[in-house]
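The values are calculated or read from the model by the stated rules, or taken from the named source; none is laboratory data. As the structure is a prediction and not an experimental result, all values here were calculated from the model. So basically every Cβ, Gly included, is an ideal-geometry build from the backbone, and we count neighbours across all protein chains shown.
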Amino acid sequence: MKISIITPSFNQGRFIERTIKSVLDQRGDFELEYIVFDGGSTDNTLDILREYEGRIDWKSEPDTGQIDAINKGFRRATGDVVGWINSDDLLQPGALALVKQVFENDPNLQWVHGRCDIIDEHDRVIRNVISAYKHWCAGRYSYSRLLRENFISQMTVFWRRSLFDKVGLLDPELPLAFDYDLWLRFGKISDPRYLKDRLACFRWYQTSKSGSNYQKQFKENYRVAEKHAPEQRWMLFVKRLRAACFVTGYKIMSLRRNAL
């Protein structure tokens, strides 16, 4: 089995080598294709990528942002199973071996996702309550629950290339909820399998895309759910209320973090 991993990159020299190592250090009976599309970084990112020449298929050129880079990677990927990890996140040891085993054991399985830790700039695990809540939700999956709330951690998601061929590329009109839109498109075709093992780490910090734009992200998530289920007005109402609660919770956590 061949597994393709895509990483979009732009001026993430602070973190990207940790990401690269977490992918290249994966061990198991599979072929790894690791593709990095960089948007023309001006920091030390290119120096780091050159150090892994021959182990990474990488290219640096101007693009229109993260979605463009990921879509370029998807077009280039040749693996049976595909996933992407951003240039500040990490794969957990053994993640790809487990993913390979699960897909190999069930030929009908189309996509999987797993448990995710949240880490800070220094790789310290933080926000355990959020991780535990997502773990609880993921173990009780239904498409209607996914419409109400995006509890799937992007960096833990892997799918068969055949499924991706059915749903198409990421939507560039959704800069903050393009992954959520993809899960809902996947979910219309097949339910995922949730793996309770820790597959990846999501890095949260104040200036990260998620850390600085969470309010806009919740609004965009609402628009995505409305696009996929416009007739479910009650569900959308509940989703709006839940989003307001989560935004309040994130604000409180940010205030507490800043006070430390």
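If you take the residues of region 99-135 that are farther than 15 Å from Pro192 by Cα and of a type in the set (A, V, I, L, M, F, W, C), which of them is nearest to the chain's Cα centre (by Cα)?
Cys116
Is it fair to say Asp25 is touching a residue at least 60 places away in the same chain (Cβ under 8 Å) and among the acidic types (Asp, Glu)?
Judged against the criteria, Asp25 is a match.
Residue-wise test of (1) under 16 Å from Trp84 (Cβ atoms); (2) within 14 Å of the chain's Cα centre (by Cα); (3) in a helix (DSSP H, G or I); (4) at pLDDT 90 or above.
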{"site": "Thr207", "(1), (2), (3), (4)": "no, no, no, no"}
{"site": "Tyr214", "(1), (2), (3), (4)": "no, no, yes, no"}
{"site": "Ala225", "(1), (2), (3), (4)": "no, no, yes, yes"}
{"site": "Val247", "(1), (2), (3), (4)": "no, no, yes, no"}
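When region 39-84 is examined, which residues are found to be touching a Pro at 6+ places or on another chain (Cβ under 8 Å) and not in a helix (DSSP H, G or I)?
Selection gives Gly39, Gly40, Thr64, Gly65, Trp84.
Within region 79-138, track down each residue that is under 18 Å from Phe164 (Cβ atoms) and of a type in the set (Phe, Trp, Tyr).
Residues satisfying the conditions are Trp84, Phe103, Trp111.
Identify, please: which residue in region 3-30 is of a type in the set (D, E, K, R) and farther than 14 Å from Ala95 by Cα and is, among those, surrounded by the fewest Cβ atoms within 10 Å (Cβ to Cβ)?
Selected residue: Arg14.
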